[in-house]
């Protein structure tokens, strides 16, 4: 069973709650790193613990959400070993996994529907990394220190 991490700020809270329920229904073990309400909050408070859990392999994949998806994406990408991709449609999600071996998918909570977000999640989880020439490129991404 794949372990999926979720994190959001207030702008992504409703989408996160929807995805949490749907992913659990699909049989995934879901770990919710917060936030826990639509009250204004700061996405780094939830993004950092989720990224750290992924680095430690406590979870297999993660999904982060804020209004545009950009802020929370920037936070998680500060962690060594994280390759987070901002995905707003199914094709981008598929390519982020297949070509970039992304392990976090950032979702723009104010710009996509819950149904599209769930489709993006399922594609992201189920798409394998193609390796080959893409592996060579991934290996050239500098590691943060």
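The values are calculated or read from the model by the stated rules, or taken from the named source; none is laboratory data. Being a predicted model, the structure only gives us computed values, none of them experimental. Cβ coordinates were reconstructed from backbone atoms using ideal geometry, including for glycine residues, and neighbour counts include every protein chain displayed.
So residue 49 passes all but one of these: (1) over 17 Å from residue 112 (Cβ atoms); (2) surrounded by 22 or more Cβ atoms within 10 Å (Cβ to Cβ). Which condition number does it fail?
(2)
Restricting attention to segment 1-27, which residues are surrounded by fewer than 19 Cβ atoms within 10 Å (Cβ to Cβ), within 15 Å of the chain's Cα centre (by Cα) and not in a helix (DSSP H, G or I)?
Scanning segment 1-27 gives 2, 3.
Looking only at segment 104-117, count how many residues are crowded, with 19+ Cβ neighbours inside 10 Å and within 12 Å of residue 18 (Cα to Cα).
The total comes to 2.
Evaluate the following for residue 50: is it touching a residue at least 24 places away in the same chain (Cβ under 8 Å), assigned to a helix (DSSP H, G or I) and in contact with a helix residue (DSSP H, G or I) (Cβ under 9 Å, 6 or more places away or on another chain)? Steps first, please.
On the way: touching a residue at least 24 places away in the same chain (Cβ under 8 Å): yes; assigned to a helix (DSSP H, G or I): yes; in contact with a helix residue (DSSP H, G or I) (Cβ under 9 Å, 6 or more places away or on another chain): yes.
In short, yes.
When you check residue 105 against the structure, is it in a strand (DSSP E or B), modelled with pLDDT of 95 or more, under 15 Å from residue 8 (Cβ atoms) and touching a strand residue (DSSP E or B) at 6+ places or on another chain (Cβ under 7 Å), yes or no?
For residue 105, the condition - in a strand (DSSP E or B), modelled with pLDDT of 95 or more, under 15 Å from residue 8 (Cβ atoms) and touching a strand residue (DSSP E or B) at 6+ places or on another chain (Cβ under 7 Å) - is met.
If residue 31 passes every condition in (1) free of Cβ contacts under 8 Å to residues at least 40 places away in the same chain; (2) in a helix (DSSP H, G or I) but one, which one does it miss?
With (1) free of Cβ contacts under 8 Å to residues at least 40 places away in the same chain; (2) in a helix (DSSP H, G or I) applied to residue 31, the lone miss is (2).
Could you check segment 64-102 and list, in sequence order, the residues that are over 13 Å from the mean Cα position of the chain (by Cα) and either at pLDDT below 95 or under 18 Å from residue 52 (Cβ atoms) (or both)?
Selection gives 78, 79, 80, 81.
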